[in-house]
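I have placed the structure first, in the form of structure tokens, so that the comments after it can refer back to it.
Readers should treat all values here as calculations from the given coordinates under stated rules, not as data from a laboratory. As the structure is a computational prediction, the values presented were derived from the model and not from experiment. Note that each Cβ is placed from the backbone with ideal geometry, even for glycine, and that neighbours are counted across all protein chains shown.
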Amino acid sequence: MSNVAKYSKKNHEMVTYAVGVIVHLKLTGNKTRLGIDQAKLDTASTNVGLLKDNWDKHEDPNLHTTIVNDTNTRLITLVKENFNSLFADIKDEVLNETDRQTLHIYERAKGNPIPVVDYSPVFMIKSVAFLLLKLVFLNSATPNSKAMPKGHKIFFEYYIGEAGLKAGNIPFANAVNISIAFHTLQFDETDLGKTVYMHCYYENAHGQRSPVSTTLSKLIS
């Protein structure tokens, strides 16, 4: 079952929360019990460290600049993506109350979910700009509308790496839950010349997923 955290809209609260998440997940007992992927945890830990360092600059009136503000925004978005990917791997039944309070993954209301659809989303690249991809998601069951199946969202994942990877060998991460028909991917200059691989599922309210979509890839330029 996919877990989704409730993130604060206040940047200073997000920084404090992010540091607390990493501390909690790095504890050996927690990491083992929650089934945390070490590579994903390392990536998230690095980005949270960068966010904390940059936030310290933000709080220093002598270092507070537009570049620092923009970097905070970018890093917070990246950290959320890292956390979404980590949390998606955690089984709901292993979460205890301390986990839920620390990770902001709150217990969902019980009930009968809308059954997950038995077909995958269709998505395509709508437009390309410098370090930017705009995607559009389509529902083959409603060709005259971009509406998603009732009670479903898109569970989208992507990976940035070398060209020519086969779908079965791509370590997809950077999970994002999408509830509208359009989504924009923003890349960093360090990604230039690499290839982004993307796929997605429909997901119902209880985290059950449809068959996976076709994998799309695109050179980042």
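Listed by Cβ neighbour count within 10 Å, with the fewest neighbours leading, LEU132, LEU51 appear as LEU132, LEU51. What FRET efficiency would be calculated for the residue pair THR214, ILE114, taking the C-beta separation as r and a Förster radius of 22 Å, to the nearest 0.05? E(calc), rounded to 0.05, equals 0.35.
Restriction of the GluC sites (Glu not before Pro) in segment 83-143 to DSSP coil positions whose beta-carbon has at most 14 other beta-carbons within 10 angstrom yields GLU107. Toward the positive end of the charge dipole of the chain, with +1 on the Cβ of Lys and Arg and -1 on the Cβ of Asp and Glu, the farthest Cα among ALA167, THR102, THR65 is that of ALA167. Annotation: extensible slack from GLU97 through ILE125 equals 6.0 nm (criterion: 0.36 nm per residue apart, minus Cα-Cα distance). Two tests apply to each whole DSSP H helix in the chain, Cα reach of 20 Å or more along its axis and mean Kyte-Doolittle hydropathy of at least 0.5, and the ones passing both are 11-26.
What order do you get for 61-70, 195-204 when each peptide is scored by the mean count of other beta carbon atoms within 10 Å, highest first? Present the calculation step by step, with values, prior to reporting the outcome.
Numbers: 61-70: 10.6, 195-204: 22.0.
Peptide ranking by packing, descending: 195-204, 61-70.
Using the crude model of +1 on Lys and Arg Cβ and -1 on Asp and Glu Cβ, and no other charge, please compute the dipole size for segment 122-219 relative to its Cα centre, in debye to 20.
Roughly 400 debye for segment 122-219.
Checking the cross-link pairs LYS31/LYS166; LYS126/LYS153; LYS6/LYS52; LYS10/LYS194 against a 26 Å limit on the alpha carbon distance flags LYS31/LYS166; LYS10/LYS194 as lying beyond it.
Taking R0 as 41 Å, what FRET efficiency do you get between LYS166 and SER8 from their Cβ-Cβ distance, rounded to the nearest 0.05? Don't jump to the answer; show the numbers that get you there.
Details: r = 39 Å, r/R0 = 0.96.
Computed FRET efficiency for LYS166 and SER8: 0.55.
Within the set [x] 12.2; [y] 13.4; [z] 14.1, the number that mean projected area of the Cα convex hull in nm² takes when calculated for this structure is listed as [y].
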